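The values are calculated or read from the model by the stated rules, or taken from the named source; none is laboratory data. Small disclaimer: the values here were computed from a predicted structure and weren't measured. Here the Cβ positions follow ideal geometry from the backbone for every residue, glycine too, while neighbour counts run over all protein chains shown.
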Amino acid sequence: MTITINGDDIDFTLENEKTIGDVLAELKRWLGGTGMLVGDIEIDNRKMTFDEKDLFEKPVKEVERLSIEALSVRESKMRQLETARDFFALLRDAAEAGDGDMISKLETSYQDIIKILPQMLGEGPNSSIISGLGKTLEQEPQKLISSTTDMLAILDGRLKEVADPIGEARSAAATLAELAGSLDDVAVSLQTGKDKQAMTAIAELCEILQKFVRCLTWSSGAVRKNAIADDMNKIFSELEKALIANDTVLIGDLLEYEFRPRLTELPNRMNSDVKPI
């Protein structure tokens, strides 16, 4: 059996592997050691998926050619996000067209996708991003259209972060620097009992800060990111604890004396710590 990875023949000696599943398991371990993941699989020029049980049980002696696509973690994440985005685009089109038959056909895939969405997006299972989706597709048409449109926007945003982490990080840093100028007002709002107004501003700050840190994660090797990300994560953790404790005095102090100077300086830190990918 000839085995190729990304079109190139490899020298792979069969030892105790009896089935294609055995071979794939070994190849996954080998690729994982190099930081790569298995993407598409072809057996004798026929594209297969991991859902096809026969794939794993097929004897090696019955296969002439096994072709593997190897992806980096970043490429794999983009593939996942693109697949999810295309699915929700199809679902929204069906909902807008009132195509009940198509929506019914998409139910099984919908259940599979909403199970992996938290991991795909790096969110907890109870995240508001995830909870905005219905448990099934048996929903009011307008609600289904609204939830799928919102999810499409989220997936498009995450795709941009993975595709252009430096550009998106710069954009987030510029937005955070702008928000820094209003943090004194947020602190005052907390001190004067205007908690709702203050919490809205803090929620916006946290959302953009999380995006910034995600982008730094994908820009590994291009940014001396550890110092920036660790610094941001540290004060973000302190803010989270203060929010849980409802310590408005500490929240105000953190925003004014810790966040404000750091966020103001973020664009400059990005310029000095970035090199082209």
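The numbered conditions (1) outside the structural domain of Met151 (by TED's automatic domain parsing); (2) over 29 Å from the mean Cα position of the chain (by Cα) are all true for Asn6 except (2).
All conditions but one from (1) farther than 28 Å from Glu75 by Cβ; (2) modelled with pLDDT of 90 or more apply to Val188; the one that does not is (2). The strands (runs of 3 or more DSSP E) located wholly in region 1-103 that include 1 or more residues which are of a type in the set (S, T, N, Q) and more than 28 Å from Lys160 (Cα to Cα) occupy 2-5, 65-72. Report yes if some residue within region 180-195 is more than 21 Å from the chain's Cα centre (by Cα), free of Cβ contacts under 8 Å to residues at least 24 places away in the same chain and crowded, with 17+ Cβ neighbours inside 10 Å; otherwise report no. Yes: one or more hits.
Kindly indicate whether any position in region 37-52 is under 15 Å from Phe12 (Cα atoms), surrounded by 11 or more Cβ atoms within 10 Å (Cβ to Cβ) and either in contact (Cβ under 8 Å) with a residue 40 or more places away in the chain or of a type in the set (S, T, N, Q) (or both).
No, that holds for no residue.
Yes/no matrix, rows are residues, columns are (1) more than 19 Å from Ile103 (Cα to Cα); (2) in contact (Cβ under 8 Å) with a residue 40 or more places away in the chain; (3) among the aliphatic types (A, V, I, L, M):
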residue: Gln119; (1), (2), (3): yes, no, no
residue: Glu123; (1), (2), (3): yes, no, no
residue: Ser127; (1), (2), (3): yes, no, no
residue: Gly134; (1), (2), (3): no, no, no
residue: Pro141; (1), (2), (3): no, yes, no
residue: Asp150; (1), (2), (3): no, no, no
residue: Ala153; (1), (2), (3): yes, no, yes
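Against the list (1) touching a Ser or Thr at 6+ places or on another chain (Cβ under 9 Å); (2) of a type in the set (A, V, I, L, M, F, W, C); (3) surrounded by fewer than 20 Cβ atoms within 10 Å (Cβ to Cβ); (4) within 23 Å of Ile166 (Cβ to Cβ), the condition Ala242 fails is (4). Note on region 85-124: residues that are within 23 Å of Gln210 (Cα to Cα) and at pLDDT 95 or above total 1. Taking region 119-216 as the region of interest, the helices (runs of 4 or more DSSP H) fully inside it that hold 3 or more residues being under 28 Å from Leu254 (Cβ atoms) and of a type in the set (Gly, Ala, Ser) are 165-180. Condition check for Ile228 on (1) at pLDDT 85 or above; (2) closer than 12 Å to Ala173 by Cβ; (3) aliphatic (A, V, I, L, M): one failure, at (1).
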